Amino acid sequence: MPAQTATPAPAARGGRVSRLSQLTVPSMPQSVASTAAKSSFSQAPSNALVPPPPLAVKKDPKLANNWKTKTPAELSDAEVIAMPDDEYMNEKQMAFFRLKLEELKRGILENAGETTEHLREDTVVVPDPADRATIEEEHALELRTRDRERKLLKKIEQSIQRIDAGDYGYCDETGEPIGVGRLLARPTATLSLEAQQRRELKQKMFGD
């Protein structure tokens, strides 16, 4: 294929000619160039798609055996984290997380009852349009919050069922331990951190 000389570019500052203007570039059909560009782009590694490594949970070795002499209700988060790895999701840990979930459930139900009372008290007609708009906005915000808590309540119930079945604390996708640290931060978690990051990445890429 005959080579095609590029059109000389304007002289650079100081009268020096750009070196790029002197290069001889072979002509290439636009479709071929586009395909080559796409190929080179797809082969380039993307660091943005690599999920960050999970953070290690620090264990206090002084607390490692406290679980043996305490009831699940007496255990602190630090003492549960310090438990040996081979005791992961033993009966005492299961009971500890059941108490966590039941306490979370109780708080949500109490908030739901308070919301009902607030809505009942605020049914009085307010003549001022500005005040009425403020009350309606507060009601809408409170109802959205309760709706999120309603969905969380369903997850709590499912987590308690997983405890009864002996499946709690293990990833739904890989079967690997989710980890005490992650469960303390999110007792209703059903995926390990790595599996959760992969799922979020797929949702961002494909919009599923």
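Within segment 134-191, the residues that satisfy the criterion of being of a type in the set (S, T, N, Q) and more than 17 Å from Ala95 (Cα to Cα) are Thr134, Thr145, Thr174, Thr190.
Only one residue in Leu119, Leu75, Leu63, Leu101 is modelled with pLDDT of 95 or more, more than 25 Å from the chain's Cα centre (by Cα) and either surrounded by 12 or more Cβ atoms within 10 Å (Cβ to Cβ) or farther than 28 Å from Leu183 by Cβ (or both), so which one is that? Leu75 is the lone residue from the list that is modelled with pLDDT of 95 or more, more than 25 Å from the chain's Cα centre (by Cα) and either surrounded by 12 or more Cβ atoms within 10 Å (Cβ to Cβ) or farther than 28 Å from Leu183 by Cβ (or both).
The set of residues in segment 167-187 that are surrounded by 17 or more Cβ atoms within 10 Å (Cβ to Cβ), β-branched (Val, Ile, Thr) and assigned to a loop (DSSP other than H, G, I, E, B) contains only Ile178.
The values are calculated or read from the model by the stated rules, or taken from the named source; none is laboratory data. Every value quoted in this text rests on a predicted model; they were computed, and no experiment measured them. Every residue, glycine among them, receives a Cβ derived from its backbone with ideal geometry; neighbour counts consider all protein chains shown.
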